[in-house]
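The next block holds one structure in the form of structure tokens; read it before the comments.
The values are calculated or read from the model by the stated rules, or taken from the named source; none is laboratory data. As the structure is a computational prediction, the values presented were derived from the model and not from experiment. Don't worry about glycine lacking a Cβ; one is built from the backbone with ideal geometry, like all the others, and counts go over all protein chains shown. Heavy atoms of the whole protein, side chains included, go into the accessibility calculation; ligands, DNA and RNA do not. Shrake-Rupley method; radii C 1.70, N 1.55, O 1.52, S 1.80 Å.
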Amino acid sequence: GAMSPSPLRVSHFYEWAQVSDTLLDCVLAEFAAHGARALSTPPGWSARILGDPAFAGLLRRKLADHGLVMADAHAPWGAAWDLDIEDAARRPAMIAGHRLCLSMLADFGVETYTIHVGSGPNYTNGGVHTEAMQICALRTLEALLPEAEARGIVIAVENIVEPSTTPAVVASLVSSFDSPWIGCCLDLGHAHVMDADAPRAIEELQPCIRERAWNHNVVLTPFTETVRLLAPWVVTCHIHDNDATGDEHRLPGDGRVDWPRYLALLATCRRLKSMQNEWHPLGYGYPIRRACHCFDQLSADLEAARRSVSTV
């Protein structure tokens with residue numbers, strides 16, 4: 001039979017922007033005490049590491065003190081950072097910033113760098129992913145690929161909920177490269193909001209998505225199709241739950257995601273190396289202990305699904 005896939009890493013996000021440096025030890029200790037081994041760098045930490053070498057040094061020491069690693073990272077994002085930025089004056093600085101970020105994060109042992117195509121223009125241009133945006137995104141990836149390869153970090157393009165961040169757009173971008181260093185981050189929570197088979201009507205989608213991002217012309221993608229499009233490139237995934245009307249970032253089990261079905265499909269992504277807990281504890285008052293236990297169970301379920309795939 002086929003070899004069993006190697007075990008998946010579980011990486012946890014946290015609301016680090018709300019944690020003062022003096023409290024870092026306490027929160028890191030809490031993760032370690034409940035069996036966490038890896039963390040994900042949120043965009044705010046990536047941006048801070050970029051401009052604050054003293055903080056980068058402090059963070060490296062503290063992680064080591066608690067036996068934690070930072071294995072997955074989220075790039076800074078928004079109007080100054082997205083792949084599809086058309087502003088010619090900003091583009092060189094954006095590309096240089098991501099390159100520097102990749103080199104700084106490599107010192108932490110980061111293996112995946114999740115990045116956004118960019119959806120800002122969708123909210124003002126009538127909900128269209130233009131050819132010009134697509135070309136800009138491709139050129140940015142071309143410019144970043146040598147740095148990713150040199151640093152041993154996979155750039156993982158993420159599906160979100162707007163016209164320029166659909167699974168089809170992500171697939172068209174990453175499939176242009178034949179490189180192990182360009183892949184994608186399958187965001188299950190985002191895929192669920194846009195899942196044609198999710199238990200809600202299109203009219204129930206939050207107005208910011210339905211009216212503003214899509215200008216009332218929403219295109220939903222069944223999760224089976226999302227996985228079919230992205231599976232060859234999925235190296236990491238963001239896991240969180242919602243009621244399929246908006247991007248809530250709850251812990252798995254607190255929304256309407258059909259986890260057995262989603263995990264069975266996720267298990268077919270052969271290059272998957274890590275699952276990232278992209279929860280928003282602040283909005284829901286979640287304890288760290290609950291997140292760690294939740295992901296122990298979820299990763300065990302996913303491992304079981306992967307074993308059954310590998311024996312088929």
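At a glance:
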| item | result |
| --- | --- |
| Scope the stretch 99-125; condition touching a residue at least 24 places away in the same chain (Cβ under 8 Å), open to solvent by 30 Å² or more (accessible area, probe 1.4 Å) and part of a loop (DSSP other than H, G, I, E, B); matching residues | Asp107, Gly109, Glu111 |
| Qualifying positions in the stretch 213-263 - charged (D, E, K, R) and either out of contact with any Leu (no Cβ under 7 Å at 6 or more places or on another chain) or more than 28 Å from Leu39 (Cβ to Cβ) (or both) | Glu225, Arg228, Asp243, Asp247, Glu248, Arg250, Asp254, Arg256, Asp258, Arg261 |
| Subset of the stretch 37-58 (residues that are touching a residue at least 40 places away in the same chain (Cβ under 8 Å), among the hydrophobic types (A, V, I, L, M, F, W, C) and open to solvent by less than 20 Å² (accessible area, probe 1.4 Å)) | Ala38, Ile49, Ala56 |
| Unmet criterion (only one of (1) open to solvent by 20 Å² or more (accessible area, probe 1.4 Å); (2) out of contact with any Asp or Glu (no Cβ under 8 Å at 6 or more places or on another chain); (3) of a type outside the set (S, T, N, Q)) for Cys269 | (1) |
| Criterion violated by Val235 - all others in (1) in a strand (DSSP E or B); (2) at positive phi satisfied | (2) |
| Of all residues making up the stretch 171-186, the number that are under 16 Å from the mean Cα position of the chain (by Cα) and open to solvent by 20 Å² or more (accessible area, probe 1.4 Å) | 1 |
| Enumeration of residues in the stretch 59-79 that are under 30 Å from Ser164 (Cβ atoms) and open to solvent by less than 40 Å² (accessible area, probe 1.4 Å) | Met70, Ala71, Asp72, Ala73, His74, Ala75, Pro76, Gly78 |
| Any hit, the stretch 248-265, residues being within 15 Å of the chain's Cα centre (by Cα) and of a type in the set (Asp, Glu) | yes |
| Residue in the stretch 139-152 that is part of a loop (DSSP other than H, G, I, E, B), surrounded by 16 or more Cβ atoms within 10 Å (Cβ to Cβ), in contact with a His (Cβ under 8 Å, 6 or more places away or on another chain) and modelled with pLDDT of 95 or more present | no |
